[in-house]
Every structure is written in structure tokens, then in C-alpha cells.
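The structure appears below as C-alpha cells.
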Amino acid sequence: MRSRRTTLAVPGSNPRFIEKAQGLPADEIFLDLEDAVAPSAKEEARKNVVAALNEGDWAGKIRVVRINDLETHWAYRDVIEVVEGAGAALDCVMLPKVQDPSHVRWLDRLLTQIEGAMGFEPGRIGIEAQIEDARGMVAIDAIAASSPRLETLVFGPGDFMASINMKTLVVGEQPPGYTEGDAYHYILMRILMAARAQDLQAIDGPYFNVRDVDAFTRAARRSAALGFDGKWVLHPAQIDAGNEVFSPTQEDYDHAELILDAYDHYTRVEGRGAAMLGDEMIDEASRKMALVISAKGRAAGLARTSAFEPPGA
């Protein structure tokens with residue numbers, strides 16, 4: 001599992017921001033060629049991104065480039081120039097405004113052609129698909145199953161809110177007048193179900209009021225509680241909060257590891273399908289739940305602080 005607790009957006013047109021991002025503790029950095037870059041700066045931004053990928057220190061980070069969407073004339077050149085120029089230093093390409101599985105298949109085919117021409121490992125570069133409007137949401141199951149390169153589904157709330165005429169101007173915040181429940185619950189669960197059905201990760205979208213870390217944390221906890229793997233961040237101040245929210249607590253991580261050890265002992269050594277761990281009954285369902293917490297804890301760099309001791313040992 002690649003850890004994507006925080007996915008930091010960095011404008012490809014700003015070399016100073018790109019350099020600073022290399023020292024920040026975000027799990028993933030995506031160098032943006034789309035919304036964060038003015039039309040007049042897009043060609044120069046490609047050059048900046050290629051140079052940064054080849055020359056920068058991205059140790060421990062997932063390296064991603066967000067290209068322009070397929071309705072623009074920049075998209076194909078984004079892919080060709082970035083992947084030919086820095087494909088060996090690139091982990092994924094993020095495709096915005098995905099409305100149909102054919103969009104992902106187009107990118108998959110182009111990546112395959114470039115890998116063949118450049119001698120890169122076939123299929124190594126992954127794809128992240130952004131769901132940003134009603135059409136993409138309606139087709140999300142087909143999108144999630146569209147390519148073996150696909151690694152994540154990413155919620156793009158700004159464009160999505162506009163596409164459904166949601167009554168708010170604050171991206172990531174509840175719309176005024178919606179006083180019962182969560183206006184994003186269906187959207188987030190729909191993305192999560194499609195992702196998990198294809199063993200993909202699910203990433204929540206950004207919270208635009210970047211200086212209100214408490215509000216960002218509240219929004220992050222909402223999607224983390226559902227099971228999302230991480231959240232898109234726009235400012236360094238959001239990174240530590242995001243990393244903490246999407247990591248298990250030390251207590252939960254230790255407990256998960258104890259469940260796995262205890263279940264292995266009771267099933268393998270004693271031949272039992274269910275057993276007790278202290279006052280808690282554990283079975284196969286407990287093992288599956290513990291695997292999720294254990295994997296996220298390990299990906300976050302946690303180390304266990306307790307050990308299972310079989311009864312009578």
C-alpha cells in the first residue's frame with residue numbers, strides 16, 4: 001500500500017513552490033499543469049515539471065503530475081513532454097475531469113506507447129482519476145474498472161459542486177441551508193464504494209480555507225471515518241493535520257497487530273475459528289478489519305509497542 005494520507009498540490013509554474021515542496025512531509029506531491037497554471041504559462045510549466053522531477057529530491061514521496069483535461073489542446077502534449085522527459089522519475093499521472101472510462105483508456109494507451117518508445121518498464125506509471133462532475137459520478141463504476149494502471153479515485157469538489165448547482169462558494173464546506181446531515185455523504189460513499197470494488201485508493205478533495213486548520217481537520221475526519229485513504233491539501237499548514245487524521249493511533253495500531261497475532265495463533269496452533277483476546281471475541285471478520293488498520297499503520301511508519309503472548313506461554 002502506498003501511503004497517500006496527504007496529497008499536496010503544487011503549481012508547475014512556480015519553481016519556488018516546487019523546491020519548497022520537496023522538504024515538506026506530504027506523502028504525495030502532484031505538480032499541477034491544470035487549474036493552478038495560467039494558459040500563458042502552461043508550456044513553461046511543463047519544462048519546470050520535467051526539470052524538477054529529474055533534478056529534485058523526492059525521496060519518500062509519490063511523484064505525480066496533473067495534466068490538463070482531455071477537452072483542452074494541452075493534454076496530449078502534457079503527457080508526451082512530461083513522460084518522455086521525466087518518465088523514469090514519475091509515479092503517476094493525474095487525469096482531471098474524468099467523465100467516461102474512455103478518458104482513462106486514452107491515457108493508458110498513450111502511456112503504453114511512450115513507455116515502448118522510451119524503453120520504460122511497461123505499465124509502471126500509474127493513473128489517478130479525478131471525479132469532478134455529475135457525469136463522472138454516474139459513470140464511476142466503469143471508470144474505476146477502466147485500466148489496470150488506475151491507483152486512485154480523487155474527489156474534485158469545486159467543479160463538482162458547480163456541476164450540480166450546489167449553493168455554496170466555499171469549497172469543501174457544507175452549503176448554507178443544509179442543516180441535517182452531511183451534503184457530501186452520498187458523494188464520498190459513492191466514490192469509496194467504486195474504489196474499493198476495484199482495490200483502488202480513495203482520496204478526498206481539498207478544503208479551500210487554507211488558514212482554518214481546525215475546519216480542515218473536521219472535514220478530513222469526516223472522510224477518514226468513512227474509510228478514505230487521504231485528502232488533497234493546498235497549504236503546508238494542512239499537512240501535519242492530514243497526516244495525523246489519516247494515520248491510526250498508536251493504540252489502534254498495536255491493537256490491530258495483537259488481533260492478527262492472536263488470530264493466527266488460535267487458528268493455526270489451536271485450530272479454532274473464533275477465540276477471545278482479553279474480553280474481546282475475535283474471528284475472521286476481526287482479522288480483516290485488523291489488516292486494514294495494520295497496513296495503514298505500517299504505511300505511516302508506526303512501530304508496534306506491544307507483543308502477543310499466547311496463554312500459558
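Between the Cα long axis of helix 185-197 and the first principal axis of the chain there is an angle of about 80°, rounded to the nearest 10. The Stokes-Einstein estimate for segment 102-253, based on a Kirkwood radius over Cα pairs and taken at 20 °C with 1.002 mPa s viscosity, is a diffusion coefficient of 128 µm²/s.
Per-residue counts of other Cβ atoms within 10 Å, averaged by peptide: what ranking do you get for 73-81, 92-100, 210-218, highest first? Can you show the working numbers first?
On the way: 73-81: 17.6, 92-100: 23.9, 210-218: 15.6.
In descending order of packing, they fall as 92-100, 73-81, 210-218.
Couplings 3J(HN,Hα) of segment 97-102, computed from phi: 6, 6, 10, 7, x, 5 Hz, in residue order, whole Hz [Karplus 6.51 cos²θ - 1.76 cosθ + 1.60, θ = phi - 60°; x for Gly and Pro].
Can you tell me the accessible area per residue over segment 63-185, all protein chains present, probe 1.4 angstrom, in square angstrom? Walk me through the intermediate numbers first.
Details: 5230 Å² over 123 residues.
On a per-residue basis, 43 Å².
At q = 0.08, 0.11, 0.13 Å⁻¹ the log10 of I(q)/I(0) for the chain amounts to -0.40, -0.72, -0.96, computed by Debye summation with a single uniform scatterer per C-alpha, solvent ignored.
Taking a threshold of 25 Å on the Cα-Cα distance, which of the pairs K20/K231; K42/K296; K97/K296; K20/K97 fall above it?
Distance filter (> 25 Å) returns K42/K296; K97/K296; K20/K97.
Within segment 144-253, the GluC sites (Glu not before Pro) that combine a DSSP coil assignment with at most 14 other C-beta atoms in a 10 angstrom radius are E180. The apolar share of the surface of the chain, taken as the fraction of accessible area on carbon and sulfur atoms (1.4 Å probe, ligands and nucleic acids excluded), comes to 53 percent. Pull up all non-local amide H partners of A36: gap of 5 or more, or a different chain, and H-to-H distance under 5 Å with H placed in the peptide plane. Distant-sequence amide H within range of A36: zero hits. Remark: segment 199-208, residue by residue, has Karplus-estimated 3J(HN,Hα) of 6, 9, 8, 10, 10, 6, x, x, 10, 6 Hz, where x stands for each Gly or Pro and the curve is 6.51 cos²θ - 1.76 cosθ + 1.60 at θ = phi - 60°. Listed values for segment 2-14 are Karplus-derived 3J(HN,Hα) couplings in whole Hz (6.51 cos²θ - 1.76 cosθ + 1.60, θ = phi - 60°), namely 7, 7, 10, 4, 10, 10, 8, 7, 10, x, x, 8, 10, and x replaces Gly and Pro. With Cα atoms defining each centre, segment 236-273 and segment 167-235 are spaced 24 Å apart in the structure. Near L277, the amide H atoms lying under 5 Å from its own belong to I282; only residues 5 or more places off or on other chains count, and H is placed 1.01 Å from N. In this structure the amide hydrogen of K231, modeled in the peptide plane, comes within under 5 Å of the amide hydrogens of T6, T7, D204, none closer than 5 places in sequence on its chain. Going by accessible surface with a 1.4 Å probe and the largest first, K288, K42 read K288, K42. Using the Cβ of M94 as centre and a radius below 9 Å, the other residues enclosed give a net charge of -2, where K and R count +1 and D and E count -1.
The values are calculated or read from the model by the stated rules, or taken from the named source; none is laboratory data. Owing to the predicted nature of the structure, the values given are computational and were not obtained by experimental measurement. As a convention, Cβ positions derive from the backbone with ideal geometry for all residues, glycine included, and neighbour counts pool all protein chains shown. The accessibility values were calculated without ligands, DNA or RNA, using every heavy atom of the protein model including side chains. Shrake-Rupley method; radii C 1.70, N 1.55, O 1.52, S 1.80 Å.
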